[in-house]
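Just so it is clear, none of the values below were taken in a lab; they were calculated from the coordinates. Remember, predicted model here, so these are calculated numbers, not experimental data. Glycine gets a Cβ as well: all are built from the backbone with ideal geometry, and neighbour counts include every protein chain shown.
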Amino acid sequence: MTGPNPTDRAKPGSKRHLLTDGNGLPIVLRLTGANVHDVTQLLHLVNDVPSIAGKRGAPRYRFDELYADRGYDCDADRKALRELGTEPFIARRRTENGSGLGKVRWVVERTIAWLNQFRRLRVRYERRADIHKAFLTIGCVLICHRSLLDAFC
């Protein structure tokens, strides 16, 4: 799960795709090569979301809204998300900044910064992708654990 990084002299690297809830708690995390485009991962992230617990009856599998940055802009994905019952709020490419999505997108950026606080995750030292993904999962679990401690203490 590494590929030539287009922004760093084609050094091998990896990219994290993260889906969080409104509070920044990680829900789904995917690891791909650095040369994989974000658009190809959007529907995979959405389809990997586990069922949402709620009232009795059939559990909800989808959420109402999805906020994403310009890297995930694709009309086919927007249409597919609407068919799934999710309203996409994705910034358009080749438009001026100031779409207003930064007011809600910072939550994901903050979660990525929380993951980068773990030194082992900031720079990928592991050659094997499964080991690195395991450390990313442990980092997500620790973020959720800290959030629960803050909520109850």
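Based on Cα contacts under 8 Å between residues 6+ apart, segment 1-135 shows a relative contact order of 19 percent. With neighbours defined as other Cβ atoms within 10 Å of a residue's Cβ, the residues 123, 104, 39 order from fewest to most as 123, 104, 39. Can you give me the span-like helices of the chain, meaning DSSP H runs with 30 Å or more of Cα extent along the axis and Kyte-Doolittle mean at or above -0.5? Flagged H segments are 129-152.
Taking 0.36 nm per residue of separation and subtracting the Cα-Cα distance, full extension of the segment from residue 135 to residue 119 would add 4.7 nm.
A crude spin-label estimate for the pair residue 56 and residue 96, with each label 7 Å from Cα along the Cβ direction, gives 5.5 nm.
Can you sort 125, 72, 67 so the residue with the fewest Cβ neighbours within 10 Å comes first? Could the numbers behind the result be given before it?
Numbers: 125 11, 72 23, 67 19.
Sorted ascending by nearby Cβ count, the order is 125, 67, 72.
Which of rounded, prolate or oblate describes the chain when judged by the alpha-carbon gyration tensor and an a/c cut-off of 1.5? Note, shape of the chain comes out oblate.
Summarising the amide proton neighbourhood of residue 66: residues at separation of 5 or more, or on other chains, whose placed amide H is nearer than 5 Å comprise 87, 89. Multiplying the residue separation of residue 110 and residue 36 by 0.36 nm and subtracting their alpha-carbon distance yields 24.4 nm. Within the listed set 131, 27, 90, the residue fluctuating most in the Gaussian network model of the chain (springs between alpha-carbon atoms under 10 angstrom) is 131.
Rounded to the nearest 5, what % of DSSP beta bridges with both residues in the chain are antiparallel? Please report the intermediate quantities before stating the final value.
Numbers: 10 of 14 bridges.
Just about 70 percent of them are antiparallel.
Note on the chain: helix-only mean residue ellipticity at 222 nm, from DSSP H runs of 4+ residues weighted -39500 (n - 2.57) and normalised by residue number, equals -11500 deg cm²/dmol.
The ranking of 55, 11 by Cβ neighbour count inside 10 Å, starting from the fewest, reads 55, 11.
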